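Chemist: A single structure is presented below for examination.
Values quoted throughout were computed directly from the atomic coordinates according to the rules given, and no laboratory measurement underlies them. Since the structure is predicted, the reported quantities are computational estimates derived from the model, not experimental observations. Cβ coordinates were reconstructed from backbone atoms using ideal geometry, including for glycine residues, and neighbour counts include every protein chain displayed.
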Amino acid sequence: MSKGRVIVEGNVGMHLGEDMRGGEIIVNGNADSWAGGSMRGGRIEIRGSAGDYIGAPYRGSGEGMSGGLIIICGDAGREVGCLMRGGTIKVYGSVRHFLGVNMLDGTILVRGDCAGEAGAGMRNGRIIICGWIPSIIPTFTIDSIRPSVDVDGERITGPFYRFIGDIADNGEGKLFVSKAANPHLSHYEKYLQ
Amino acid sequence: MSLLIKNGFVYDPINGVDGEVMDLAVEGGRIVEEVNEREAHVIDASGMIVMPGGIDIHTHIAGAEVNSGRLLRPEDHAYDFEPKTPITRSGVGRSIPSTFTTGYRYARMGYTFVCNPSMPPLEARHTHEELEDTPIVDKATFPLLGDWWFVLEYLRDGLIRECAEHVAWMIMATKGYAIKIVNPGGLEAWGFGRNVRDLDDQVPYFNITPREIIRGLCMVNRILNLPHTIHVHTNRLGQPGNYITTIKTMDCVRDLAVSDRPIIHITHCQFSAFKGDSWANMRSGAEDIAKYVNSHSHVTLDMGQVIFTDTTTMTADGPWQYTLYELSGNKWVNHDVEVETSSGIVPFRYRRKSYVHATMWSIGLELALLINDPWKIYLTTDHPNGGPFTFYPRIISWLMSRRAREKTLEKINRKARARSLLPSIDRELTFYEIAIVTRAGQAKALGLRSKGHLGVGADADIAIYNINPREIDPSKDYRAVRRAFSKAAYTIKGGRIVAKDGEIVGAPDGRTFWINFENMSDLNCDHPRRKSLDELRRKFREYWTVEYENYVIPESYLKVSKPINIRAEV
């Protein structure tokens, strides 16, 4: 899709808006996996929940989402933003494991919780988690505490723990995790003194 | 069924026919003098070009390596698929199509014979199984023998005749057609994490040099009277400065030539024609290689043209594939085939704006255009290493049209454009020369007597392209050339119409050509000079994961067997 607008009343299957370059898709329902796969531009809004691999490339390819905006009002599954190279994904619900896995650039905002392993293998880009996460993977190092983060002109207030990683991949990705929602991560603060 | 192809412009270089309007008669799968016009199916080829069926001397289409490539690259299949029709099976794949699709796509372009050049003998069974599933086209496959332990041992000890007997056994046991040598000695060195740096570098443990391997197998080739020459992938392939190694490789067997017959084929020469000492100052060595080839008759080449596209590189040259993995950072496969060879696979994208890639593109075309005699250089992309074979029509248009080359030159890396020799080359190939580089020359190099020409008695493998050489100027209207060669108006295989206007209308099984040495055809008997069967069995038990009994492929294993009977001088 390169331009125009599609409104879906109901649920959609896999590969919604794959390789999309422009235009807008609104789904008044749920979407299955690979919504916005390898997306290069445009806007997808899913008013229900979405499956796994949001913005991710087709199996085997390394060319993940490189531009555009995906908004998911409900929850999303595993590996949201896998191999993402640009653009923005906003999830207003919660996500499951491996959020932003192998991510190269771009921004992922999760208003809800994350099931874990956020940012594994990420090289660059930003992940912001406003809810709870059980733990941060050990190849991330704490960098600072930030009062807020800006995402596409919208100010998300914190405070947030800011982690840098994935060091195992020489990554410089930024992982922001809400301080208020994650008191069990307070032990990281001693490394900031 | 008999066929009569009327009024086509026939290009048949082996018989010296250059665009004459004539009729061709086909009966019983062969070209004949005449047929009964009333009973024959008549094809009106007026205003069209008639050529022998295309022949590809070097294309990786079957075997464990290709299949691993398919497995590695699901994304290669995602957007290129063909649905089932009443005649064809469904299939997928762009740079590494599935077996059936490979056969259909070759047939659509008018190709009827392909050579799978890289078969580890251990994987021969798998290779033949896939070749069986590659319909329409006839095929042959070359076992990799340049790093086989027994071969190295014989050559080290100077036992050429013994080596010849062993190679004969290997070719018959694997149902192969020619001797393939990849980075001689380098693959064995790769087992020790090393590579050979030159033609005179020692191979670890074996105390032998690549020069001795190439010369030894060249002598073996002559003793065995094989129809094709040794098929060599040079040392230092893909490294800046390797053009010297390539010239040395060609020169190291010069004294073994008898008469004007070629004795060595340097395959995908583009990858072996780099000047310079690093990627930053890498330049074309095509001019030097062309100069050598123009002044010597013992060598033939194929291009290995690069196409600006996403493709999958795969070769038995494990150390080179490792380098490629390091350069690209892409996913990869590397494999040691016990006792015999190695292999590697790396997906790769050739980019117009990359200096190195654009220079490689230029080198392939420079080679084809600077070598004066088209009988010495053949059109290939080393499918899928330089690009998928489906791009051949594009290469034909580059070879036939200076304007087509300039169009692409405008889009490539500026530095590569400034250094390219292409702007100074005015040569444009004619349809006659295209017929040589895509079929007649290859048939001659492969020693295929019944293919690559349209003389009486030849196999009725014919391609008809809808382009009128009297009306179309290929130099200006290169797009029409590209269109015509992409979809043959008719492809006839063994006297049967298999493709019409790019649609498959019949999918017979192709034959597998292999060499049967008449004087040594019993594989399971001892031969005085060769290692005894008991010794072979013992070695297999010691070194291989398969038993000797499972290694040898019987003729009954081939779906449509076509043994070429020759007599070796052993």
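Chemist: For the range A:5-192, what is the charge dipole size about the Cα centre, in debye to the nearest 20, if Lys and Arg each add +1 at the Cβ and Asp and Glu each add -1 at the Cβ?
Modeler: 320
Chemist: Rg/Rh for the range B:430-558 to two decimals, with Rh computed the Kirkwood way over all alpha-carbon pairs.
Modeler: Rounded to two decimals, Rg over Rh is 1.18.
Chemist: So who's got an amide H within less than 5 Å of the one on residue B:313, skipping anything under 5 residues away but keeping other chains? H placed 1.01 Å off N, in plane.
Modeler: Amide H neighbours of residue B:313, under 5 Å, 5+ apart: B:346, B:348.
Chemist: Could you point to the residue in B:453, B:467, B:184 farthest towards the positive end of the protein assembly as shown's charge dipole, with +1 and -1 charges on the Cβ of Lys/Arg and Asp/Glu respectively?
Modeler: Comparing the listed Cα positions along the dipole, B:467 ranks first.
Chemist: 7 Å from Cα along Cα→Cβ at both residue B:561 and residue A:59: what's the point-to-point distance in nm?
Modeler: For residue B:561 paired with residue A:59, the spin-label model returns 3.8 nm.
Chemist: Scan the range B:462-570 for GluC sites (Glu not before Pro) in coil per DSSP, keeping those whose Cβ has at most 16 other Cβ atoms within 10 Å, and list them by number. Numbers along the way, then the final one.
Modeler: Values: sites: B:471, B:503, B:518, B:535, B:542, B:547, B:549, B:555, B:569; in loops: B:471, B:547, B:569.
Those that pass, being in a loop and sparsely packed, are B:471, B:547, B:569.
Chemist: If you don't mind, there's one more thing I want to ask. Name the residue from B:485, B:60, B:308 whose Cα lies farthest towards the positive end of the charge dipole of chain B, charges +1 on Cβ of Lys and Arg and -1 on Cβ of Asp and Glu.
Modeler: Looking along the dipole axis, the top candidate is B:308.
Chemist: Would you mind counting up the charge near residue B:505? Only other residues with Cβ under 12 Å from its Cβ, with Lys and Arg at +1 and Asp and Glu at -1.
Modeler: So the environment of residue B:505 carries a net charge of +2.
Chemist: Turning to a different aspect of this structure: For every other residue with a beta carbon closer than 13 angstrom to the beta carbon of residue B:235, add +1 if it is Lys or Arg and -1 if Asp or Glu, then tell me the sum.
Modeler: Once positives and negatives cancel, what remains is -2.
Chemist: Restrict the search to the range B:180-212; then list the trypsin sites (Lys or Arg not before Pro) that DSSP places in a loop and that have at most 15 other Cβ atoms within 10 Å of their Cβ.
Modeler: Here the trypsin sites (Lys or Arg not before Pro) that fit, given the DSSP loop and packing criteria, are B:194, B:197.
Chemist: Let me ask you something else. Just going by the charge dipole of the range B:514-566, with Lys and Arg at +1 and Asp and Glu at -1 on Cβ, which of B:520, B:532, B:546 is farthest out on the positive end?
Modeler: B:546
Chemist: Can I ask one more? With +1 on the Cβ of every Lys and Arg and -1 on the Cβ of every Asp and Glu, and nothing else charged, how large is the dipole of the range B:514-566 about its Cα centre, in debye rounded to the nearest 20?
Modeler: That gives a dipole near 180 debye.
Chemist: Continuing with this model, one more query. For the range B:265-275, take each phi angle, set θ = phi - 60°, evaluate the Karplus expression 6.51 cos²θ - 1.76 cosθ + 1.60, and give the result in whole Hz per residue in order, putting x for glycine and proline.
Modeler: 10, 8, 8, 5, 5, 3, 6, 10, 10, 9, 9
Chemist: Next question, about the same structure. Considering only DSSP beta bridges with both partners in the protein assembly as shown, what is the antiparallel share in %, to the nearest 5? Walk me through the intermediate numbers first.
Modeler: Details: 55 of 122 bridges.
Of the beta bridges lying entirely in the protein assembly as shown, close to 45 percent run antiparallel.
Chemist: Also, quick follow-up: Report the local net charge at residue A:77: Lys and Arg +1, Asp and Glu -1, summed over other residues whose C-beta lies under 10 Å from its C-beta.
Modeler: Details: positive: A:78, A:96; negative: A:32, A:52, A:75, A:79.
Here the count lands on -2.
Chemist: Just from its helices, what would the mean residue ellipticity at 222 nm be for chain B, if runs of 4 or more DSSP H residues each count -39500 (n - 2.57) and the sum is divided by every residue, rounded to the nearest 500 deg cm²/dmol?
Modeler: -9000 deg cm²/dmol
Chemist: I would also like to ask the following. With Rg and the Kirkwood Rh both taken from Cα atoms, where does Rg over Rh land for the range A:115-193?
Modeler: 0.94
Chemist: Which of the residue pairs B:84/B:175; B:6/B:562; B:353/B:415; B:407/B:487 have a Cα-Cα distance greater than 21 Å in the structure shown? If you can, show how the numbers build up before the last one.
Modeler: Values: B:84/B:175 31 Å; B:6/B:562 30 Å; B:353/B:415 9 Å; B:407/B:487 23 Å.
Those over the limit are B:84/B:175; B:6/B:562; B:407/B:487.
Chemist: When the distances between all Cα atoms of chain B are binned every 10 Å from zero, what whole-number percent does each bin get?
Modeler: Histogram of Cα-Cα distances, whole percents per bin: 4, 19, 30, 28, 15, 4, 0.
Chemist: How large is ³J(HN,Hα) for each residue in the range B:48-62, as worked out from phi by the Karplus curve 6.51 cos²θ - 1.76 cosθ + 1.60 (θ = phi - 60°), to whole Hz, x for Gly and Pro?
Modeler: Here the 3J(HN,Hα) series is 10, 9, 10, 10, x, x, x, 10, 10, 7, 8, 8, 7, 10, 8 Hz.
Chemist: If amide H atoms are built 1.01 Å from N in the plane of the peptide, which residues on other chains or at least 5 residues away come under 5 Å of the amide H of residue A:46?
Modeler: A:27, A:71, A:72, A:73
Chemist: I'd like the chymotrypsin sites (Phe, Trp or Tyr not before Pro) in the range B:187-231 restricted to DSSP loop residues with at most 14 other Cβ atoms within 10 Å, sorted by number.
Modeler: Passing both the DSSP loop test and the Cβ count: B:192, B:205.
Chemist: Under 5 Å between amide H atoms, partner at least 5 residues away or on a different chain: which partners does residue B:56 have, H built in plane at 1.01 Å?
Modeler: Those lying under 5 Å, H to H, from residue B:56 are B:113, B:114, B:115.
Chemist: What would the Debye equation give as log₁₀ I(q)/I(0) for the range B:313-402 at q = 0.20 Å⁻¹, counting only Cα atoms as equal point scatterers?
Modeler: -1.04
Chemist: I'm checking a number: the convex hull volume of the Cα atoms of the range B:514-566, normalised per residue, in Å³. What is it?
Modeler: With only Cα atoms used, the range B:514-566 gives 91 Å³ per residue.
Chemist: Counting only other chains, what is the mean number of Cβ atoms within 10 angstrom of the Cβ of each residue in peptide A:62-71? Can you show the working numbers first?
Modeler: Details: counts 5, 2, 0, 0, 0, 0, 0, 0, 0, 0.
Neighbouring Cβ atoms belonging to other protein chains average 1 per residue here.
Chemist: Give me Rg/Rg_expected for chain A, where Rg uses Cα atoms only and Rg_expected = 2.2 N^0.38 Å with N residues.
Modeler: Output field value: 0.97.
Chemist: I'd like to compare B:33-44, B:121-132: which one has the highest average count of other Cβ atoms within 10 Å, and what's the full order after that? Mind dumping the intermediate values first?
Modeler: On the way: B:33-44: 13.0, B:121-132: 22.2.
So the order, starting with the most tightly packed, is B:121-132, B:33-44.
Chemist: Among rounded, prolate and oblate, which fits the protein assembly as shown when a ≥ b ≥ c are the square roots of the eigenvalues of its C-alpha gyration tensor, a/c under 1.5 means rounded, and a/b larger than b/c means prolate?
Modeler: Prolate is the answer for the protein assembly as shown, as a/c is 1.5 or above and a/b outweighs b/c.
Chemist: What is the spin-label model distance, in nm, from residue B:291 to residue B:351 if the labels are put 7 Å beyond Cα along the C-beta direction?
Modeler: Going by the 7 Å Cα→Cβ label model, 3.4 nm.
Chemist: Taking the Cα centre of the range B:296-399 as origin, work out the dipole magnitude from +1 charges on Lys and Arg Cβ and -1 charges on Asp and Glu Cβ, in debye rounded to 20.
Modeler: 620
Chemist: May I pose another question? Once you order the gyration tensor axes a ≥ b ≥ c over the Cα atoms, which shape class does the range B:327-462 get: rounded for a/c under 1.5, otherwise prolate or oblate by comparing a/b with b/c?
Modeler: The shape class here is oblate.
Chemist: So, one more: Could you please state, rounded to a whole Å, how far the C-alpha centre of the range B:1-79 is from the C-alpha centre of the range A:102-169?
Modeler: Taking the Cα centre of the range A:102-169 as reference, the centre of the range B:1-79 is 60 Å away.
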